[in-house]
Amino acid sequence: MNAYVPILVLGALATAFVVFSVVAAAVIGPKRYNRAKLSAYECGVEPTPQPVGGGRFPVKYYLTAMLFIIFDIEIVFLYPWAVQFDSLGMFGLVQMLVFVGLIGVAYAYDWRRGGLEWD
C-alpha cells in the first residue's frame, strides 16, 4: 500500500488544482456577456438555425482527423523503436519501413482525396 501513496497524493493535488481553478475562474472572471459571446462559434461563419447543405460535413474533415490520429499513432510507435534501434537489428528496421510505408499510403490517399486543401 505504501507504494501507492505518492500516486494518491499526486491525484489529490491534481484534483484540488482543477477544482480551485474552476472555482477561481467562476468567481474572479469577468462577467460581461454580449450577443457575440453567447452565440455558438462556428469557425468564423455566422451560425444558422438550419445547417447549410442539410447538416452534412465534407469528408475532408474526417480524412484530416483520421490523418491526425494516424500520425499520432505513428509517433507512439516510432519513439520506442528509435530507443531500441540497436538491439532490434535488421528485422526491426524492415518492420518499421513496412509500418512507415503503410502510413505513407494513408497520407497519399488523404492527399489525393483533397483532405489537405482548405479552399
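What follows is calculated from the coordinates using simple rules that are stated; it is not laboratory data. Small disclaimer: the values here were computed from a predicted structure and weren't measured. Using ideal geometry, Cβ is built from the backbone for each residue, glycine included, and neighbour counts are taken over all protein chains shown.
Assuming R0 = 41 Å, what is the FRET efficiency of Val5 and Arg113, from their Cβ-Cβ distance, to the nearest 0.05? Can you show the working numbers first?
Values: r = 52 Å, r/R0 = 1.27.
Efficiency for this residue pair is about 0.20.
Most exposed first by the Cβ proxy, i.e. fewest other Cβ within 10 Å, how do Lys60, Lys31, Lys37 rank?
Lys31, Lys37, Lys60
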